[in-house]
Amino acid sequence: MATFVEPRLPRGMRDIVPQKMILRRYVIGVIEQVFERFGFEPLQTPALELAQTLMGKYGPDAEKLMYAARHRDGKEDLALRYDLTVPLSRMVAMNPELVKPFKRYQIAPVWRAERPQKGRYREFYQCDADIVGTSSMLADAEIIAMIFTILRELGFQEFVTKLNNRKVLGALGEYAGVPPALLGGLSRALDKLDKIGREGVREELRKNEIPAESIEKILNLIALPVDDLATWREKFRAFPRGVEGINELEQVLQYTRAMGVNPARLQIDLTMVRGLDYYTGPIFETVVTEPKIGSLTGGGRYDGLIGLFSKNPLPVTGASVGIERIIDVMQELKMFPDNLGKTVTQVLVTVFDAERRAQSIALTMNLRAAGINAEMWYDDDGLGKQLKYAAARGIPYAVIIGPDEAASNVATLRDLATGEQQQIAQTDMAAVLQEKLRHL
RNA sequence: GUGGGAUUAGCUCAAUGGUAGAGCACCGCACUGUGGAUGCGGUGGUUGUGGGUUCAAAACCCAUAUCCCACCCCA
């Protein structure tokens, strides 16, 4: 007796069945197209990196979520990549001959040992696009415009992108006299403003041992209208970093406007923080509120990261698009185009009986030669079973060659959706099907 | 990593300590040249897993796994 191993998946990991892969491929296809339209080129890097490559880049919280790996002989400490940004930085540092600005995109799985939830998995795909080698805010603006293009082409109407700047965040701390060591706590508290409100933030700041005086200054500051950049510049007069951040915000707004980005969908939010340590300039994040699933995209500028791998640091800005969440949201909101279908197969060629099999085989191969995705039936079964199969799979057309058809070299083409049938010369079948499939 | 909820047929869910059920799906027949309609019949469960309490456990207790929710963080 064979003993079976109970088939199970590791926590937070999933299989993606063919029907789901069709949706996934559609989303990735749109993203890839837009990336390339904006001049980004594909890049692939290994799933495993040396642990030392990844350590110390994301912050201590993130590092706890990194998967460790090793060779059998244990000679190198390895880790599954946590994102695509640090591997890009490593790769750019290793390849100084790359022509700058270097624009690459990468669509690949990353791994994080978080507690899984909806829209939150331990293995998930990120779609990243980054621009290496320019400090111009035009690049940051272009990234944002590209994100908007992607979301729009996928059919998203209701979304808001929040824009902030790490320099402003830093200046906020300086202005309020928060000791640099407590800046992390300040950021985390600010980040929660949406959820816990003003008083909640006050409480949170107190818990983080931020001086009472500073707390008042901060709360007063974030109560100011965010759009009034002149006032902010004035407030930050004594803090050059803050002025620089405000100027960057202004430039990003100007450039995105020039690119046709709807200003109502791009909002400055000085309490939007983002968790990763490596950001240095503009940061942004796109959220949908319905359904509530967290951020769909996020990104920002990280001018210091390559400097950790090379004596020649390079400025970089980029974004990550979360296709897992996009797919979850699109399914929930039924945003996928109807013509996507359940299967890639376009026609099933049935086999009437042994005598007629040869004609069915020939016709199948003939359709395939014409570029049509065609299946044929393998076993000796009635037409009923074969058509039932086609219907269950969502195959749009079936072809039947019985004794009547075989006698005159025609075949019956059945539209599974409508039940309509017509007889077509076997030699014309490919052309007729191609025409019909064009309108599907 | 912390706290809460869930887990029974392929799917959605019933059964409150006493014989494990329904709908849908699947298979077959009515219908051996035609799927989705209807009718009839059928297959399918060591109740997530491992212990314990009890004459008796799907149910009560303990542990464990996975999923969901919140926190944390994020795509």
Sole residue being open to solvent by less than 50 Å² (accessible area, probe 1.4 Å) and acidic (Asp, Glu), chosen from A:Glu209, A:Glu204, A:Glu174: A:Glu204
Top-ranked residue of the stretch A:308-338 - restricted to ones that are hydrophobic (A, V, I, L, M, F, W, C) and within 14 Å of RNA strand B (Cβ to nearest atom), ranked as farthest from A:Arg25 (Cα to Cα): A:Ala319
The lone exception for A:Gln117 - which of (1) open to solvent by less than 40 Å² (accessible area, probe 1.4 Å); (2) under 25 Å from A:Leu9 (Cβ atoms); (3) without any contact (Cβ under 8 Å) to a residue 60 or more places away in the chain; (4) within 21 Å of the chain's Cα centre (by Cα) it fails: (1)
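Against the condition within 14 Å of RNA strand B (Cβ to nearest atom), in a loop (DSSP other than H, G, I, E, B) and among the charged types (D, E, K, R), how does A:Asp73 come out, does it pass? It would help to see each step written out before you state the result.
Details: within 14 Å of RNA strand B (Cβ to nearest atom): no; in a loop (DSSP other than H, G, I, E, B): yes; among the charged types (D, E, K, R): yes.
No, not satisfied.
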Residue in the stretch A:313-328 that is under 26 Å from A:Gly242 (Cα atoms), in the same structural domain as A:Arg14 (by TED's automatic domain parsing) and surrounded by fewer than 16 Cβ atoms within 10 Å (Cβ to Cβ) present: yes
Top-ranked residue in the stretch A:260-279 [being under 22 Å from the mean Cα position of the chain (by Cα) and open to solvent by 50 Å² or more (accessible area, probe 1.4 Å); ranked as modelled with the lowest pLDDT]: A:Gly275
Elements of type helices (runs of 4 or more DSSP H) in the stretch A:340-433, at least 3 residues being within 10 Å of RNA strand B (Cβ to nearest atom) and surrounded by fewer than 16 Cβ atoms within 10 Å (Cβ to Cβ): A:383-393, A:403-407
Hits in the stretch A:23-49 (condition: farther than 21 Å from A:Lys100 by Cβ and open to solvent by less than 40 Å² (accessible area, probe 1.4 Å)): A:Leu23, A:Arg24, A:Val27, A:Ile28, A:Gly29, A:Val30, A:Ile31, A:Val34, A:Ala47, A:Glu49
Residue within the stretch A:120-127 that is under 30 Å from A:Gly245 (Cβ atoms) and open to solvent by less than 40 Å² (accessible area, probe 1.4 Å) present: yes
Long-range neighbours under 8 Å by Cβ, at least six apart or interchain, first residue without any contact (Cβ under 8 Å) to a residue 40 or more places away in the chain and closer than 22 Å to A:Arg112 by Cα within the stretch A:9-30, second among the charged types (D, E, K, R) and open to solvent by 30 Å² or more (accessible area, probe 1.4 Å): A:Leu9/A:Asp15
Cβ pairs under 7 Å, 6+ apart, first in the stretch A:35-55 and small (Gly, Ala, Ser), second buried (at least 17 other Cβ atoms within 10 Å of the Cβ): A:Gly39/A:Lys103; A:Ala47/A:Leu80; A:Ala47/A:Arg81; A:Ala51/A:Leu78; A:Ala51/A:Ala79
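The values are calculated or read from the model by the stated rules, or taken from the named source; none is laboratory data. Keep in mind that this is a model prediction, so the values were computed, not measured. Positions of Cβ are backbone-derived with ideal geometry, glycine not excepted, and every protein chain shown enters the neighbour counts. Keep in mind that these areas ignore ligands, DNA and RNA; they rest on the heavy atoms of the full protein, side chains included. Shrake-Rupley method; radii C 1.70, N 1.55, O 1.52, S 1.80 Å.
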